[in-house]
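Engineer: Next up is a structure, given as structure tokens.
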Amino acid sequence: MKVIKKLAGPLVVPLSYFFQRPITVQYPDERLVVPKGYRGHPLFTLENCIACRACERACPVNTIQIDMEIKPDGRRIMYGYYLDLGRCLFCGFCADACPTGAIVMGPKLELMEWKREELVYDIRKFQKLKKELRWKPEKPVKRSACAHPENCIGCMFCVETCPVNAISVTTVGDERVLRIDPTVCSGCGMCVKNCPTFALTMTEYAETEYSEYER
Amino acid sequence: MSWYESPILQPVYVKAMEVLGPIIGRTGAQLLLSLIESILIIALIFINVLIIVWLERKILGRMMNRRGPVYAGPPLLWGLFQAIADFLKLMTKEFFIPRRADRLTYIIGPALVVFAGLAIGLMVPFGEGFVGLKNEASLIYIIALASLEPMGVMLCGLSANNKFSLMGGMRAAAQMISYELPAVLVLISAALLAGSVDILEIAESQSQIWYVAILPLGALLYLITVLAELERTPFDIPEAESELVAGFMTEYGGMFYGMLMAAHYISVFVTSALFVAVFLGGYGLPFGLNAALEMLPPALASLTTLLIFHVKVYIVVFLLIWIRAAYFRFRIDQLLELGWKRLFPLSLLNLVWAIAALGVLS
């Protein structure tokens with residue numbers, strides 16, 4: 001009896017599989033659905049970009065290259081955005097670093113090209129990809145900078161590093177007054193990163209008002 | 001010659017004799033027609049081989065949650081023509097003999113294996129009137145030819161001058177010899193019940209009850225020995241991939257390899273057909289239901305028996321594929337121990353059982 005059970009046991013499993021549907025997917029004809037929140041390749045859009053170059057700095061393999069110019073009046077003008085997918089590690093640091101959600105990790109799986117040069121994505125190519133994926137970037141409402149004025153030593157680092165010139169310092173008599181304009185601030189976090197005394201933090205965009213801090 | 005006794009081909013035969021007789025003489029016409037008949041038999045076997053290859057890959061795939069071959073072939077029978085594609089590919093490959101190989105035996109080996117399979121197919125009753133060669137001693141002929149196959153396999157293994165081939169060939173020979181004996185004893189027990197060594201008579205004597213009901217032990221033993229003689233999965237030791245690359249087929253390529261593979265599937269079909277003929281009532285129905293077939297027009301009845309036979313054969317083939325999907329591989333010493341220490345005494349017991357059953361039935 002035991003022998004029969006032992007011999008018949010292996011026969012049951014294949015037969016049960018025989019009546020199930022196959023789990024393989026005929027790839028070019030049918031495709032698996034990419035799960036929500038899938039982190040594939042970097043996907044860039046010009047809509048939200050403030051040209052803060054956070055992604056360029058965050059990239060561990062220097063695959064992002066931004067051609068831009070800072071005008072004397074503080075405007076940042078971008079001439080070109082290049083991302084070489086041939087070098088990209090798909091680590092997602094650029095998407096983490098982006099303050100405005102202008103770069104996210106996309107869901108496309110087939111990124112092969114005939115030539116290596118075609119793997120370098122510029123703004124036009126990213127626009128095409130965006131249209132193909134029907135991606136609607138979210139408006140940046142998340143972050144903005146404000147201050148703990150008691151810590152500030154007035155070193156001016158934040159003023160120098162702010163990519164959108166939202167921070168300004170004026171000297172009123174003996175005191176220095178730090179002003180952050182929330183309508184200009186894009187919340188890139190550069191000032192928070194550079195502040196040596198942790199005087200600056202990030203808050204919700206909705207909470208911030210026009211802020212003026214005295215030292 | 002006997003296919004022309006079937007109600008479908010008989011009018012064709014008569015007409016052909018009338019036309020060809022005056023031109024090339026009666027003997028010449030008969031020779032020509034028997035040549036055509038043997039081509040028909042081979043065609044039937046090869047069509048079945050094609051379907052078995054497809055079924056094997058498809059069912060094996062489904063039993064592993066895969067799909068098996070998908071693209072080549074008509075809709076609803078996806079992948080059916082995959083075997084044809086493989087065959088054409090093997091046909092177009094280079095004709096190649098290893099430098100140190102024994103040329104003559106290297107070529108004869110696969111041919112012998114294919115010949116043995118096809119020659120057994122000549123004797124198998126496919127349907128009413130569809131017997132290639134009627135002979136009173138056809139079971140003995142089949143047993144003799146079945147033992148020719150290991151000879152071919154051994155020639156393949158010896159001639160290629162490769163250690164894997166040699167070991168595979170020797171293993172095949174050892175395996176086939178040790179399983180020949182139980183198989184023959186089981187076949188003889190069935191022949192004893194039928195009172196004849198004619199495979200046709202054995203099949204026809206089961207019109208009331210199939211021998212699988214009288215000799216269940218014998219049927220099981222024969223199934224096991226069939227697996228061993230076909231070198232299929234629990235006993236696929238001669239071509240154990242993980243040990244012997246491809247066993248006796250290691251040095252074969254192109255059409256030689258194709259012939260060996262074809263021979264394997266021919267043997268699968270033919271031995272399944274033999275199992276059906278000896279234990280599952282051949283092309284007939286059990287419990288005297290064959291009388292119902294006689295009410296049909298003779299041509300249709302003949303075709304129905306052909307269909308019944310193939311349905312039974314494919315049930316056995318499905319069983320073989322199922323076993324392949326389910327089981328592990330035996331070690332060579334386990335295999336020989338099973339053959340000589342278990343199956344041989346059990347087949348003797350089965351013979352005694354058959355004699356007792358003969359006494360009770362008569």
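The values are calculated or read from the model by the stated rules, or taken from the named source; none is laboratory data. Note that the structure is a prediction, hence the values are computed from the model and not measured. Here Cβ is always computed from backbone atoms with ideal geometry, including for glycine, and neighbour counts include all displayed protein chains. Keep in mind that these areas ignore ligands, DNA and RNA; they rest on the heavy atoms of the full protein, side chains included. Shrake-Rupley method; radii C 1.70, N 1.55, O 1.52, S 1.80 Å.
Engineer: For residues that are facing chain A (nearest Cβ under 9 Å) and in contact with a helix residue (DSSP H, G or I) (Cβ under 7 Å, 6 or more places away or on another chain), scanning just region B:62-81, find the one that is farthest from residue B:262 (Cα to Cα).
Structural biologist: Out of the qualifying residues, it is B:65.
Engineer: Pick out the one residue from A:112, A:68, A:1, A:105 that is within 19 Å of residue A:190 (Cα to Cα) and more than 14 Å from chain B (Cβ to nearest Cβ). Outline the logic, then answer.
Structural biologist: Details: A:112 fails: within 19 Å of residue A:190 (Cα to Cα); A:1 fails: within 19 Å of residue A:190 (Cα to Cα); A:105 fails: within 19 Å of residue A:190 (Cα to Cα).
When all the criteria are applied, what remains is A:68.
Engineer: Here is a further query. Within region B:14-35, does at least one residue satisfy the condition of being open to solvent by less than 70 Å² (accessible area, probe 1.4 Å) and within 14 Å of another protein chain (Cβ to nearest Cβ)?
Structural biologist: Looking through region B:14-35, none of the residues is open to solvent by less than 70 Å² (accessible area, probe 1.4 Å) and within 14 Å of another protein chain (Cβ to nearest Cβ).
Engineer: From B:84, B:59, grab the single residue that is within 14 Å of another protein chain (Cβ to nearest Cβ), of a type outside the set (Lys, Arg) and assigned to a helix (DSSP H, G or I).
Structural biologist: Matching residue, one of B:84, B:59: B:59.
Engineer: Every residue in region A:58-76 that is open to solvent by 50 Å² or more (accessible area, probe 1.4 Å) and not basic (Lys, Arg), please. Outline the logic, then answer.
Structural biologist: Initial filter on region A:58-76 (open to solvent by 50 Å² or more (accessible area, probe 1.4 Å)): A:60, A:62, A:65, A:67, A:69-73, A:75-76.
Hits for region A:58-76 are A:60, A:62, A:65, A:67, A:69, A:70, A:72, A:73.
Engineer: Follow-up question, since we're still on this one. Considering only region A:45-57, I want to know if a residue exists there that is touching a Leu at 6+ places or on another chain (Cβ under 6 Å) and either in contact (Cβ under 8 Å) with a residue 40 or more places away in the chain or open to solvent by less than 30 Å² (accessible area, probe 1.4 Å) (or both).
Structural biologist: no
Engineer: Just give me the residues in region A:98-126 being open to solvent by less than 60 Å² (accessible area, probe 1.4 Å) and touching a residue at least 60 places away in the same chain (Cβ under 8 Å), in sequence order.
Structural biologist: A:99, A:100, A:103, A:104, A:105, A:106, A:107, A:108, A:111, A:121, A:123, A:126
Engineer: Does region B:245-267 hold any residues that are touching a Lys or Arg at 6+ places or on another chain (Cβ under 8 Å) and surrounded by 23 or more Cβ atoms within 10 Å (Cβ to Cβ), and which are they?
Structural biologist: Answer for region B:245-267, where residues must be touching a Lys or Arg at 6+ places or on another chain (Cβ under 8 Å) and surrounded by 23 or more Cβ atoms within 10 Å (Cβ to Cβ): just B:247.
Engineer: For region B:316-338, which residues satisfy the criterion of being more than 21 Å from the chain's Cα centre (by Cα) and open to solvent by less than 60 Å² (accessible area, probe 1.4 Å)?
Structural biologist: Result: B:326, B:327, B:330, B:332, B:335, B:336, B:338.
Engineer: Just give me the residues in region A:4-14 being open to solvent by less than 50 Å² (accessible area, probe 1.4 Å) and within 8 Å of chain B (Cβ to nearest Cβ), in sequence order. It would help to see each step written out before you state the result.
Structural biologist: Just the residues of region A:4-14 that are open to solvent by less than 50 Å² (accessible area, probe 1.4 Å), to begin with: A:8-11, A:14.
Hits for region A:4-14 are A:10, A:11, A:14.
Engineer: OK, next. Which of the residues that make up region B:36-56 are of a type in the set (A, V, I, L, M), more than 14 Å from chain A (Cβ to nearest Cβ) and open to solvent by less than 60 Å² (accessible area, probe 1.4 Å)?
Structural biologist: Residues satisfying the conditions are B:41, B:43, B:44, B:45, B:49, B:50, B:51, B:52, B:53.
Engineer: Here's something else I'd like to know. Could you tell me whether any residue of region B:301-314 is open to solvent by less than 10 Å² (accessible area, probe 1.4 Å), touching a Ser or Thr at 6+ places or on another chain (Cβ under 8 Å), polar (S, T, N, Q) and touching a residue at least 24 places away in the same chain (Cβ under 8 Å)?
Structural biologist: yes
Engineer: Sticking with this structure for a sec: Are any of the residues in region A:118-134 among the β-branched types (Val, Ile, Thr), outside any loop (DSSP other than H, G, I, E, B) and closer than 23 Å to residue A:203 by Cβ?
Structural biologist: No, there is no match, as no residue in region A:118-134 is among the β-branched types (Val, Ile, Thr), outside any loop (DSSP other than H, G, I, E, B) and closer than 23 Å to residue A:203 by Cβ.
Engineer: Next question. Could you list, in sequence order, the residues of region B:99-129 that are more than 16 Å from the chain's Cα centre (by Cα) and over 30 Å from residue B:251 (Cβ atoms)?
Structural biologist: If the condition is that a residue be more than 16 Å from the chain's Cα centre (by Cα) and over 30 Å from residue B:251 (Cβ atoms), then B:128, B:129 are the ones that fit.
Engineer: Separate question: Would you be able to tell me the number of residues in region B:158-167 that are modelled with pLDDT under 85 and buried (at least 24 other Cβ atoms within 10 Å of the Cβ)?
Structural biologist: Count: 1.
Engineer: Output the residues belonging to region B:199-235 that are outside any helix (DSSP H, G or I) and open to solvent by less than 20 Å² (accessible area, probe 1.4 Å).
Structural biologist: Within region B:199-235, B:206, B:215, B:230, B:231, B:232 qualify.
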